[in-house]
Amino acid sequence: MTSSGTNRGGPPRPAPTAAAPSWTAAWELLLLLAASAPPRARGRTLQAALREAVRSGRLAPGTRLPSSRELAGDLGVSRGLVTEAYEQLTAEGYLRSDRGAGTWVGDAVRAVGPRARDRAPRAAGVRADFVAGTPDLSLFPRSAWAAAHRGVLAELPHQALGYPDPRGLPRLRTALAELLVRRRGVVADPERVVVVSGVAQAMTLLGFVLHARGTPIVGVEQPGSPELGSLFASAGVGTVRLPLDDEGLAVAPLHASGVRAVVTTPAHQFPTGIAYSARRRAELLDWARSVDGLVVEDDYDGDFRYDRAPVGALQGLDPEHVAYTGSVSKSLAPGLRLGWLLVPARHFEEVVERKRTMDLGNPVLDQALLARFVERGDYDRQLRRCQRAYRERRDVLVAALEEHFPGTEVSGIAAGLHVVAALPGRYGPQDRFVVRAAAAGVLVRPSAHYGATAADGVRLVLGYAHLPPARIRDGVRLMAEAVRGRGALDESSAP
């Protein structure tokens with residue numbers, strides 16, 4: 001760039017312009033890259049460096065670049081190589097070229113920060129997080145998973161790395177069918193199992209199919225998962241909340257609602273913690289048969305029952321009126337994004353076609369890995385390990401509540417990853433309790449957060465599976481100290 005001026009004691013620089021500082025910094029980077037790149041890679045290196053300089057903002061929009069002759073001389077490369085780089089980036093929109101007026105940085109690119117932000121839902125600066133829904137991720141079986149990964153890579157044929165069957169790998173569907181028949185009592189033909197990215201995708205798939213069939217609205221439990229409304233809305237289907245009683249979904253409101261599809265959690269209702277009674281399960285199936293409807297069974301933590309063997313899945317009683325879904329999110333880790341969906345025959349092909357157009361199937365390596373993990377008994381061992389840990393933590397939580405909040409009633413069956421705790425009225429009002437706990441670094445959710453009817457006193461949904469026993473004890477103690485220390489009635493003054 002000798003015609004653009006000189007810099008004594010240093011490299012030449014372009015003639016001064018408003019954008020010269022940006023170009024100078026980028027030019028120094030290009031000089032280093034060109035000098036270090038192998039001769040055959042200099043063209044690609046130059047293009048990549050220019051592209052990154054524009055993206056990062058080092059080359060601002062409107063910056064005029066040196067001529068191809070000048071830049072080639074300074075970088076020690078051929079003029080043709082620079083010309084090709086300019087032409088390529090002009091075609092991509094990074095640069096613009098005006099005949100007879102030189103080459104400029106275009107304004108189509110907006111500079112972005114060099115690092116991506118993590119928007120995963122995590123609570124920062126919290127001493128104890130009792131929000132329900134997360135397993136203990138430290139229990140993830142890293143060694144066994146790594147061994148299975150090595151085994152899969154060694155044995156997986158090359159052709160298996162192509163686009164998979166949208167239903168899932170046959171090997172995984174077979175392993176899941178055997179697992180679910182054995183552990184959950186479902187009716188599962190491997191040909192009718194669909195591998196999905198968790199229960200959320202299963203709900204969305206069913207939503208699309210129901211929408212295409214003219215179903216405008218789906219019933220959901222009240223209280224229940226707050227995410228269902230947005231999942232079905234994304235498929236164009238509305239939701240209506242249907243009340244529960246002590247046995248499960250109340251039948252009379254279900255009939256009166258006019259819906260023909262309903263989502264349930266019969267093994268361990270979220271968040272009340274009840275298990276549907278045998279009578280209510282039968283009544284629910286009678287309703288489905290009477291309207292030719294669909295019951296969607298979310299078996300999100302059906303394997304975790306601590307006082308007896310888990311009750312079998314509802315789907316096993318009528319597989320043609322029940323769609324059954326679950327995942328490894330609570331048993332292994334939600335980040336794996338692996339689950340399953342069994343649907344009645346009349347919905348099956350539509351679900352598979354929607355799955356195909358949605359993502360062309362789940363990652364093959366992940367499917368093969370889970371299949372091997374199940375086949376070799378590692379998944380059963382992991383479930384037993386989690387059951388032991390979670391049973392202990394539930395017992396610790398119940399004992400800590402009784403110690404620090406005497407008179408607390410824990411409802412629901414001994415199962416799952418959360419409890420519902422009704423604290424005596426003297427610890428209320430509920431909103432103030434939650435605020436004071438948060439100020440002490442303890443996160444809790446009242447049952448009203450999940451749609452439960454507001455009640456006197458303090459009624460909390462407390463997740464415990466992800467917390468070690470010591471953290472559970474400390475968290476309950478911190479709650480008690482925060483509440484008593486800021487105006488709650490002392491036990492001695494309670495009526």
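Which residue is modelled with the lowest pLDDT, if the candidates are limited to segment 208-226 and must be closer than 28 Å to residue 461 by Cα and touching a helix residue (DSSP H, G or I) at 6+ places or on another chain (Cβ under 7 Å)?
Here the answer is 226.
Here are some residues: 407, 361. Which one is within 30 Å of residue 422 (Cβ to Cβ) and not in a helix (DSSP H, G or I)?
After applying the criteria, what remains is 407.
If residue 464 satisfies every condition in (1) open to solvent by 10 Å² or more (accessible area, probe 1.4 Å); (2) closer than 21 Å to residue 477 by Cα; (3) of a type in the set (Ser, Thr, Tyr) but one, which is the exception?
(1) is the only condition that residue 464 fails.
Kindly indicate which of 195, 187 is in contact (Cβ under 8 Å) with a residue 24 or more places away in the chain, over 26 Å from residue 253 (Cα atoms) and over 22 Å from the mean Cα position of the chain (by Cα).
187
What's the number of the condition residue 416 fails, among (1) open to solvent by 10 Å² or more (accessible area, probe 1.4 Å); (2) at positive phi?
(1)
Any idea which residue in segment 153-178 is modelled with the highest pLDDT, counting only those that are surrounded by fewer than 21 Cβ atoms within 10 Å (Cβ to Cβ) and aliphatic (A, V, I, L, M)?
Result: 177.
Report yes if some residue within segment 337-353 is of a type in the set (Lys, Arg), open to solvent by 20 Å² or more (accessible area, probe 1.4 Å), closer than 24 Å to residue 204 by Cα and part of a loop (DSSP other than H, G, I, E, B); otherwise report no.
Yes, that holds for at least one residue.
This table checks each residue for (1) over 21 Å from residue 56 (Cβ atoms); (2) in contact with a helix residue (DSSP H, G or I) (Cβ under 9 Å, 6 or more places away or on another chain).
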| position | (1), (2) |
| --- | --- |
| 77 | yes, yes |
| 80 | yes, yes |
| 83 | yes, yes |
| 88 | no, yes |
| 91 | no, no |
| 94 | no, yes |
| 97 | yes, yes |
| 104 | no, no |
| 109 | no, yes |
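For segment 429-461, enumerate the residues that are open to solvent by 70 Å² or more (accessible area, probe 1.4 Å), in a loop (DSSP other than H, G, I, E, B) and either polar (S, T, N, Q) or touching a Phe, Trp or Tyr at 6+ places or on another chain (Cβ under 8 Å) (or both).
453
Mind listing whichever residues of segment 398-413 are open to solvent by less than 30 Å² (accessible area, probe 1.4 Å) and either without any contact (Cβ under 8 Å) to a residue 12 or more places away in the chain or closer than 13 Å to residue 426 by Cα (or both)?
405, 408 - these are the residues of segment 398-413 that are open to solvent by less than 30 Å² (accessible area, probe 1.4 Å) and either without any contact (Cβ under 8 Å) to a residue 12 or more places away in the chain or closer than 13 Å to residue 426 by Cα (or both).
Please work out which one of (1) closer than 19 Å to residue 125 by Cβ; (2) touching a residue at least 12 places away in the same chain (Cβ under 8 Å) is the condition residue 438 fails and give its number.
Result: residue 438 passes all but (2).
Just checking, how many residues over segment 159-184 are under 17 Å from residue 373 (Cβ atoms), of a type in the set (Lys, Arg) and touching a residue at least 12 places away in the same chain (Cβ under 8 Å)?
Matching residues across segment 159-184 total 3.
For segment 54-95, name all the residues that are more than 42 Å from the chain's Cα centre (by Cα), over 25 Å from residue 38 (Cβ atoms) and of a type in the set (Val, Ile, Thr).
Matches in segment 54-95: 63 only.
Could you say whether any residue in segment 91-104 is within 30 Å of residue 441 (Cβ to Cβ), open to solvent by 70 Å² or more (accessible area, probe 1.4 Å) and modelled with pLDDT of 90 or more?
No, segment 91-104 has no match at all.
Does segment 38-63 hold any residues that are surrounded by fewer than 18 Cβ atoms within 10 Å (Cβ to Cβ) and in contact with a strand residue (DSSP E or B) (Cβ under 6 Å, 6 or more places away or on another chain), and which are they?
61
Evaluate the following for residue 127: is it open to solvent by 70 Å² or more (accessible area, probe 1.4 Å), in contact (Cβ under 8 Å) with a residue 12 or more places away in the chain and not hydroxyl-bearing (Ser, Thr, Tyr)?
Yes: the conditions hold for residue 127.
Just name the residue that is surrounded by the most Cβ atoms within 10 Å (Cβ to Cβ) out of those in segment 360-397 that are closer than 17 Å to residue 152 by Cβ and free of Cβ contacts under 8 Å to residues at least 40 places away in the same chain.
If we take residues in segment 360-397 being closer than 17 Å to residue 152 by Cβ and free of Cβ contacts under 8 Å to residues at least 40 places away in the same chain, then 366 is surrounded by the most Cβ atoms within 10 Å (Cβ to Cβ).
The values are calculated or read from the model by the stated rules, or taken from the named source; none is laboratory data. As the structure is a prediction and not an experimental result, all values here were calculated from the model. Positions of Cβ are backbone-derived with ideal geometry, glycine not excepted, and every protein chain shown enters the neighbour counts. The accessibility values were calculated without ligands, DNA or RNA, using every heavy atom of the protein model including side chains. Shrake-Rupley method; radii C 1.70, N 1.55, O 1.52, S 1.80 Å.
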